[in-house]
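The values are calculated or read from the model by the stated rules, or taken from the named source; none is laboratory data. Just so we're clear, the structure is a prediction, and the values are computed from it rather than from any experiment. Note: ideal-geometry Cβ built from the backbone for every residue, glycine included; neighbour counts use all protein chains shown.
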Amino acid sequence: MIRMKSFQFAAGAAALLAVASSSGQALAIPHATTPITADTKDTLLQSGTLLRISLDQTVSSATDKVGDKFAFEVVDDVKIGDRVVVPSGTKGTGIVTAVRPAHGGGGDGMLRVTLDPLALPAGSPLAIGITHDSAMADINEKNGDAGTIETVADAAVPGFFLLELLRKGSDVVLRASKPFHVAVTEDSFIPLPK
């Protein structure tokens, strides 16, 4: 059974990569480009850093429309060293950018969302998005929604980040109060408290 699920995931991922590659969109964000040095070790939150968020309301390809807004919150503290730079409970927002409900005849449901940068207590807003690494973290943790998250195709586009989920013959549903991983998508410097 596990071997079959792994094969199905690998086949689905290969198909997804082929589609995304043909569209010319990037499949993953570049990892941190700023080196950790004595000067940056206490202030740099690197691209690729994982954090978990939980939606305040369910977002679904069956019911949501383009332009619908949703809210989420950060589940766990994010730290640089011992210093909390993104406290749990930090609120964020997102917007549905594309949607197509599933069709009764087995047509795919599709949902795209953009996550707005997080406003932080100190520093510039933090760019976040669903990445290959964040989706894999959910799969590895056997997240209850890993079946949905595992088919993520992420695309880095200047100014916003897309999450595209496809489910064959059923609607895509991101459930409220079901935490999942996202990642920091740009190196960010968080100043030390004065």
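Points to keep in mind about this one:
- Taken together, the residues in the stretch 17-75 that are at pLDDT below 85 and polar (S, T, N, Q) amount to 8.
- Residues of the stretch 64-90 that are assigned to a loop (DSSP other than H, G, I, E, B), in contact (Cβ under 8 Å) with a residue 12 or more places away in the chain and not aliphatic (A, V, I, L, M): 64, 65, 67, 68, 76, 81, 87, 88, 89, 90.
- Among all residues of the stretch 129-138, there is at least one that is in contact with a Ser or Thr (Cβ under 8 Å, 6 or more places away or on another chain) and at pLDDT 85 or above.
- None of 97, 93, 114 is surrounded by fewer than 16 Cβ atoms within 10 Å (Cβ to Cβ), in a strand (DSSP E or B) and hydroxyl-bearing (Ser, Thr, Tyr) except 93.
- Against the conditions (1) at pLDDT 75 or above; (2) outside any loop (DSSP other than H, G, I, E, B), residue 10 satisfies every one except (1).
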